[in-house]
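Presented below is the structure to which this report refers.
The values are calculated or read from the model by the stated rules, or taken from the named source; none is laboratory data. Keep in mind it's a predicted model, so treat the numbers as computed, not measured. In case anyone asks, the SASA skips ligands and DNA or RNA and just uses the protein heavy atoms, side chains included. Shrake-Rupley method; radii C 1.70, N 1.55, O 1.52, S 1.80 Å.
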Amino acid sequence: MIKKIILSLGVLLLTIALSAQKPFDLKTGDILFQTNKARTSFVKAIENVTTSLDDLNFSHVGVVLVEDGQVFVLEATQPNVCKTPLAKFLKQAKSVDGNPVVVVGRLKPKYQKSIPRAIEILKSFLGKPYDYVFLPDNDKYYCSEIIYLAFLRPNGKSIFKATPMSFKDKETGKNSPLWEKHFERHKTPIPEGVLGTSPGEMSRSKAIKIVHRYF
């Protein structure tokens, strides 16, 4: 009897171990939220004024594209919108116990039919310059902006919400010095109140379900 219990326990532990090693099956249209390992003033500035799912300080977001058996991420990053191999995208994330701080959001079933058209729109942005000043209609794009635009419906409404942007420090309620320096460098007024999006806000959208965490 004891031998049977030990054998059963061994099989269970082996199953758990194999399950842990199996990579998560990403699908085209999945949305990857990333906490970037780079501690640049730009990354810190984004984290400073946005609120993410579970306070994970997401500073970047991209969309999965599975193509010819390979997994890529369509993303707006410096210096332009590009198609990045998944391994590279994960490597750029902050690490916890050797695992990247990346969370996978998947559109809920009623929105899944929007994915093919969204992917084509995202592909049309490839090569477009990154938007350092987060302004609409300037033919430059930041990470969450391309996702918002890709999922615009024929009626002009997006699956995701655009809200008035704020560049004020979450703790002090005053303009973040990081952003003041950033916009001075780009010789552009802070676009306080202009409609926009952020990885943090998008990670809390009711249109998606969190289906996996890499860490």
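Convex hull volume of the C-alpha atoms in the chain, normalised per residue: 156 Å³.
Carbon-plus-sulfur fraction of the accessible area of segment 89-215, 1.4 Å probe, in percent? Exposed carbon and sulfur together represent 53 percent of the surface. Counted as membrane-span-like here are DSSP H helices of the chain whose alpha-carbon atoms extend 20 Å or more along the helix's own axis and whose Kyte-Doolittle mean is 1.6 or above; these are 2-21. Taken as Cα centroids, segment 62-83 and segment 136-215 sit 19 Å apart, rounded to the nearest whole angstrom.
Protein heavy-atom accessible surface, 1.4 Å probe, per residue over segment 38-90: 42 Å². Taking a cut-off of 17 Å, what percent of all Cα-Cα pairs in segment 109-159 are separated by more than that? Roughly 36 percent, once rounded to a whole number. Solvent-accessible surface of segment 105-215, taken per residue with a 1.4 Å probe and all protein chains present: 58 Å².
When the chain is treated as a GNM with alpha-carbon contacts under 10 Å, the residue of G29, G196, G127 showing the greatest mean-square fluctuation is G127.
Helix content alone sets the calculated 222 nm mean residue ellipticity of the chain: runs of n ≥ 4 DSSP H residues at -39500 (n - 2.57) each, divided across all residues, give -9000 deg cm²/dmol. For a straight C-alpha distance cut-off of 25 angstrom, the lysines reachable from K187 (same-chain residues fewer than eight places away being disregarded) are K44, K128, K140, K168, K170, K174.
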